[in-house]
Amino acid sequence: MNKLIQYVKDSWVEVTENVTWPKMAELQASSSLVLVASIIFALLVGLIDTAFHSGLDFYYNSIAK
């Protein structure tokens, strides 16, 4: 149990004293970049999905006739 307590204490010291946290401006810039990239990726996936859906509908409708 003492090893666990020491591990938690050491982890806390590492996080509070040794980790270099980003400044708010860096955090906002990174978050904005991730948001924009996620939106672009979602739109791209949606476009590809729509293209496949339309293509498969066309293919299945041409077979059914």
Query - Qualifying position, being without any contact (Cβ under 8 Å) to a residue 40 or more places away in the chain and assigned to a helix (DSSP H, G or I), among Thr50, Thr20 - result: Thr50
Requested in this report: Answer yes or no as to whether Asp10 is more than 23 Å from the chain's Cα centre (by Cα), in a helix (DSSP H, G or I) and either hydrophobic (A, V, I, L, M, F, W, C) or surrounded by 10 or more Cβ atoms within 10 Å (Cβ to Cβ) (or both).
Outcome: yes
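Suppose we filter Ser30, Ser62 for residues that are assigned to a helix (DSSP H, G or I) and in contact with a Pro (Cβ under 8 Å, 6 or more places away or on another chain); which single one remains?
Every option except Ser30 fails the conditions.
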Query raised in the report: So which pairs qualify, if the first residue must be in the range 28-39 and in contact (Cβ under 8 Å) with a residue 12 or more places away in the chain, the second must be in a helix (DSSP H, G or I), the Cβ gap must be under 8 Å, and the two must be at least 6 apart or on different chains?
Result: none
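The numbers here are math on the coordinates, done by the rules we state, and not lab data. Small disclaimer: the values here were computed from a predicted structure and weren't measured. Here Cβ is always computed from backbone atoms with ideal geometry, including for glycine, and neighbour counts include all displayed protein chains.
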